[in-house]
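> Shown below is the structure under consideration.
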Amino acid sequence: TIVLKGNPRIKGANGIRPFPNHALGGQYFPTFSFDSDIPSLHYGIALKPTATYKLFNIYLADIQNDFISLDKVIGSRADELHQQLIQTNSTKDRFDLLTDFMLQQRPTTTNYTHLDVVIDYIYEKKGMIKVKDLCQKEDVSRRYLEKKFKKFIGFTPGQFIRQVRFNFTCAALAEGSQ
């Protein structure tokens, strides 16, 4: 999330705190609520659960339901990006800048792991799958899957499946298709 206008504060699992100009967040279950004393403008990019590690070498589990200032992750490039976004007036140009930034973060070699395959399958099924069935399909033990999910994402496969199912259900209700 990159804040371009406003003095945001965030209310989350760790109370109410000032929100930095740019942050990498690991929101999943509790809702963050933003508050600002003036109108705010911010941009956010949603990533798959394993992307924080692949792009920034940070396990999602380490920032689950919290955030870390982006300058602590990528140094002065965070401030440079922030300044470029402030100096840009059009939304399209801002999206282009963010796209270029994310493409620069992309690793030179892509390591598509077994966990990625499992997560993609959960999304494909819109969370309508049981952990037991997922283990059978992928020919892995429940313990193996739980260890991988806990390490990279910070919660169990069952919690992740329920969250994905909830998100798809909410999206369907918002679109009026359910």
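> Could you compute how much accessible surface SER40 exposes when probed at 1.4 Å, giving the result in Å² to the nearest 10?
Counting only protein heavy atoms, the figure is 60 Å².
> Here's another thing I want to ask about it. The range 107-178 to the range 23-99: how many Å between their Cα centroids?
One Cα centre to the other: 23 Å.
> Quick one: if you take sqrt(5λ) for each eigenvalue of the C-alpha gyration tensor of the chain, what semi-axes come out, biggest first, whole angstrom?
On the way: eigenvalues 190, 74, 53 Å².
Each semi-axis is √(5λ); the values are 31, 19, 16 Å.
> Additional query: If each DSSP helix of 4+ residues adds -39,500 (n - 2.57) and the sum is divided by the residues in the chain, what number results at 222 nm, nearest 500 deg cm²/dmol? Before the final figure, lay out each step's value.
Numbers: 8 runs with 87 residues, N = 178.
Taking each H run of at least 4 residues, the total per residue is -14500 deg cm²/dmol.
> With the cut-off at 18 Å, tell me which of the pairs LYS48/LYS132; LYS54/LYS125; LYS54/LYS148; LYS125/LYS148; LYS72/LYS92; LYS125/LYS147 have Cα atoms farther apart than that. Don't skip to the end; give the middle numbers.
Numbers: LYS48/LYS132 22 Å; LYS54/LYS125 24 Å; LYS54/LYS148 15 Å; LYS125/LYS148 20 Å; LYS72/LYS92 27 Å; LYS125/LYS147 22 Å.
Too far apart for the 18 Å limit: LYS48/LYS132; LYS54/LYS125; LYS125/LYS148; LYS72/LYS92; LYS125/LYS147.
> Note down, for the range 1-102, the three equivalent ellipsoid semi-axes (square root of 5 times each alpha carbon gyration tensor eigenvalue), biggest first, whole angstrom.
Over the Cα atoms of the range 1-102, the ellipsoid semi-axes are 21, 18, 11 Å.
> Please compute, for the alpha-carbon atoms of the range 52-137, the extent along each of the three principal axes and give them in descending order in Å.
52, 28, 27
> Rounded to the nearest 5, what % of DSSP beta bridges with both residues in the chain are antiparallel? Show your work: numbers first, answer last.
Values: 14 of 15 bridges.
Around 95 percent of the beta bridges assigned by DSSP in the chain are antiparallel ones.
The values are calculated or read from the model by the stated rules, or taken from the named source; none is laboratory data. Values in this document were obtained by computation on a predicted structure and should not be read as measured data. Quick note on the areas: whole protein, heavy atoms, side chains included, nothing else; ligands and nucleic acids left out. Shrake-Rupley method; radii C 1.70, N 1.55, O 1.52, S 1.80 Å.
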